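The values are calculated or read from the model by the stated rules, or taken from the named source; none is laboratory data. Every value quoted in this text rests on a predicted model; they were computed, and no experiment measured them. As a convention, Cβ positions derive from the backbone with ideal geometry for all residues, glycine included, and neighbour counts pool all protein chains shown.
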Amino acid sequence: MTQAPSSGLADPVASAVRSRFRHRYPPLVLASAALIAAVLIVSLAAELLAPYHYTTQDLANRLRPPAFLGGPALYWLGTDELGRDIVSRLIYATRFSVVIAILGTAIGAAIGTLLGFIAAHFRGFVEEAIMMLVDAQASLPFLLLALAVLAFFGNNLTLFILILGINGWENYARLTRGMVLSANTQGYAVAVRALGASPFMIYSRHILPNIASVLIVQFTLNFPQTILLETSMSFLGFGIQPPLTSLGQMLGAGRAHLLSAWWIAVLPGTVIFLTTLSISIVGDWLRDRFDPTLRNR
Amino acid sequence: MNARFVAIKIGRALVTMWLVTTFAFLILRLSGDPIEILLGDQAEPEVIDHYRALYGLDRPLHEQYFKYFAGIASGDFGFSLVDERPVLTVIAEAVPATLQLGLTALLVSVAIGIPLGIVAALNRNKPIDRFVMIFAVFGFSIPNFFLGILLILLFSLWLRVLPSSGMGTLWHLVMPAITLGTAASGSLARFTRSSMLDVLNKLYMRTAAAKGVPRLRRIQWHALPNAAIPVVTVLGFRLGDLVAGSIVTETVFAWPGVGRLLVTSVSGRDLAMVQGILLMTAFTMVIANLLVDLAYGWIDPRIRASTAQG
């Protein structure tokens with residue numbers, strides 16, 4: 001009995017498989033996916049991973065540098081102006097930012113998708129009105145509207161999450177409306193309708209699963225924008241308020257200590273940057289895979 | 001056909017402006033009594049009544065709405081309750097700073113983004129293309145408040161070569177303009193690249209190559225003008241990102257423009273001011289979008305031709 005050569009060099013099949021794998025899943029995409037997974041795990045297991053609570057103060061050890069810059073080994077990324085451990089605060093801040101961004105993106109996706117279905121179902125005046133709102137929303141920077149609403153209503157967490165949720169709804173509404181209009185004329189929808197299915201059945205059981213992939217891609221494109229909106233607003237002092245913390249709030253508070261303790265601002269900034277970067281890379285890759293017309297670009 | 005196109009575009013712009021104005025009115029009224037917010041709980045009832053009558057807040061809601069609308073239409077955006085000057089005057093003072101920063105940032109993004117996009121498209125799938133694309137993703141993934149802080153840290157605090165805040169010399173402009181321009185240059189590079197690739201794959205490019213037009217000439221006279229059309233359009237629509245970015249960038253660098261004015265007005269709850277900035281910015285953007293829409297038909301000869309026929 002002959003044995004297949006086990007060395008990778010001599011095995012054309014294995015090397016072809018590897019090359020195909022590398023082509024399909026570029027290292028950059030895999031690294032980004034790993035980073036996203038790490039961020040999610042950190043957010044889920046914040047209590048287990050954080051050495052301290054994010055409000056625990058150690059006033060004897062204020063503004064200590066990270067351990068690799070000669071700080072105490074107890075706080076390996078240093079402490080802030082109240083002697084709070086930066087590692088612990090980063091972990092909790094990541095959790096707050098990620099949870100708020102997921103909630104915000106999900107709310108926007110739900111509202112936008114629903115309005116898209118409504119526009120495509122009722123047509124006529126309803127569609128005109130919804131599309132007019134979409135155009136109006138798309139022509140204005142959302143940060144401006146968000147700041148105006150916060151100025152008028154004052155700041156609280158529920159309102160802040162709702163505002164983040166409204167962000168980006170117009171993309172889902174526009175996409176959903178277009179796809180539902182075209183799906184309605186396709187054979188499967190016509191057939192199910194002829195069998196007597198209610199519009200709700202057709203939309204939820206047949207059309208929604210068919211257009212879900214595009215909506216999921218839109219979700220990954222919208223998610224980093226929501227993170228950036230949350231961190232921008234918290235950075236400006238209008239989002240998450242102390243004692244709660246988010247990555248943007250940490251960065252904004254760290255600005256005051258740039259000269260003496262730059263790491264307080266730079267560390268959360270790096271986490272924001274790497275997170276949005278990874279999601280953008282994975283989102284682009286997903287879009288290319290789902291949209292064959294873009295594959296040649 | 002053409003007149004109808006223009007009429008629809010103008011109609012939509014007007015509707016958007018009306019929606020924003022109504023939105024501003026509604027949030028102002030839904031949010032409670034602006035006079036109580038301003039004067040606090042301890043104010044005498046007579047004082048509150050006096051101010052209420054002064055600002056017309058004792059009238060019925062629909063009357064206030066029409067009065068408010070008429071005011072906006074005649075350019076009366078009310079008084080800043082903090083500054084005690086007309087809102088429009090205060091905004092007008094901040095506009096030059098914002099324009100200076102915004103236009104410089106636009107220049108930076110065009111000067112970096114478009115050449116990079118062209119180079120990437122011409123060297124598709126080569127290392128330089130990959131490098132440009134990675135730069136582009138970096139550019140629009142880095143939050144501008146973080147980039148601004150990194151620049152301040154590096155050039156103001158460590159190297160001590162650039163001023164960290166304020167306005168005055170050209171040196172003050174360098175870091176804010178780079179901060180604001182980087183994100184736009186990233187997305188512009190990507191868009192230019194894909195627009196160029198579209199054109200390079202066109203049949204007329206192959207025809208030009210077949211009849212022996214030199215490569216440089218083909219790129220300069222056949223590809224670039226055609227690729228420029230969508231790029232110019234998208235440049236107009238990027239205005240919104242620039243406005244949103246300037247709110248944050250002006251705050252980071254203490255740049256005395258409209259963005260920073262908005263942030264200080266939101267902090268100080270100067271509602272008339274916030275409302276004025278919201279409306280002025282929205283109107284400016286709607287009009288800019290309208291002009292881009294109309295200019296599109298003017299730049300693109302194909303649209304002109306089809307209009308002439310119809």
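Of note:
- Filtered residues of the stretch B:138-157 (kept if surrounded by 21 or more Cβ atoms within 10 Å (Cβ to Cβ), facing chain A (nearest Cβ under 7 Å) and under 18 Å from B:THR251 (Cα atoms)): B:ILE142, B:PRO143, B:PHE145, B:PHE146, B:ILE149, B:ILE152
- The stretch B:222-260, subset among the aromatic types (Phe, Trp, Tyr) and over 11 Å from the mean Cα position of the chain (by Cα), residue nearest to A:SER232 (Cα to Cα): B:PHE253
- If you go through the stretch A:62-81 and pick out every residue that is closer than 16 Å to A:HIS257 by Cα and in a loop (DSSP other than H, G, I, E, B), you end up with 9.
- Qualifying residue in the stretch B:234-246 (condition: modelled with pLDDT of 85 or more and either polar (S, T, N, Q) or part of a helix (DSSP H, G or I) (or both)): yes
- If you check A:GLU127, A:GLU170 for being crowded, with 21+ Cβ neighbours inside 10 Å, among the acidic types (Asp, Glu) and either part of a helix (DSSP H, G or I) or touching a residue at least 12 places away in the same chain (Cβ under 8 Å) (or both), only one passes: A:GLU170.
- Taken over the stretch A:185-199, the residue count meeting the criterion of being loosely packed, with under 12 Cβ neighbours inside 10 Å and not in a helix (DSSP H, G or I) is 4.
- Residue match in the stretch B:12-22 (condition: under 26 Å from B:PRO60 (Cβ atoms), at pLDDT below 80, within 10 Å of chain A (Cβ to nearest Cβ) and assigned to a helix (DSSP H, G or I)): no
- Residues of the stretch A:256-274 that turn out to be surrounded by 15 or more Cβ atoms within 10 Å (Cβ to Cβ) and either more than 9 Å from chain B (Cβ to nearest Cβ) or at pLDDT below 85 (or both), as a count: 7
- Matching residues in the stretch A:82-94 - criterion: being assigned to a helix (DSSP H, G or I) and free of Cβ contacts under 8 Å to residues at least 40 places away in the same chain: A:VAL87, A:SER88
- Enumeration of residues in the stretch A:46-61 that are part of a loop (DSSP other than H, G, I, E, B) and either exposed (fewer than 15 other Cβ atoms within 10 Å of the Cβ) or among the small types (Gly, Ala, Ser) (or both): A:ALA50, A:PRO51, A:HIS53, A:THR55, A:THR56
- Top-ranked residue in the stretch B:143-202 [being part of a helix (DSSP H, G or I) and among the basic types (Lys, Arg); ranked as modelled with the highest pLDDT]: B:ARG193
- Scanning the stretch B:109-125 for residues that are outside any helix (DSSP H, G or I) and either touching a residue at least 24 places away in the same chain (Cβ under 8 Å) or touching a Lys or Arg at 6+ places or on another chain (Cβ under 8 Å) (or both) yields a single hit, B:ARG124.
- Criterion applied to A:SER182, A:SER213, A:SER234, A:SER204 was being in a helix (DSSP H, G or I) and crowded, with 22+ Cβ neighbours inside 10 Å, and the one residue passing it is A:SER234.
- Of all residues in the stretch A:66-96, those that are in contact with a helix residue (DSSP H, G or I) (Cβ under 9 Å, 6 or more places away or on another chain), basic (Lys, Arg) and under 16 Å from A:ALA253 (Cα atoms) total 1.
- Residue-level analysis places A:ALA191 outside the set of residues that are among the small types (Gly, Ala, Ser), within 21 Å of A:THR105 (Cα to Cα) and at pLDDT 85 or above.
- Matching residues, the stretch B:23-61, being at pLDDT 75 or above, touching a helix residue (DSSP H, G or I) at 6+ places or on another chain (Cβ under 7 Å) and over 21 Å from B:ASP76 (Cα atoms): B:VAL47, B:ILE48
- Flag if A:THR220 is at pLDDT 85 or above and within 21 Å of A:VAL42 (Cα to Cα): no
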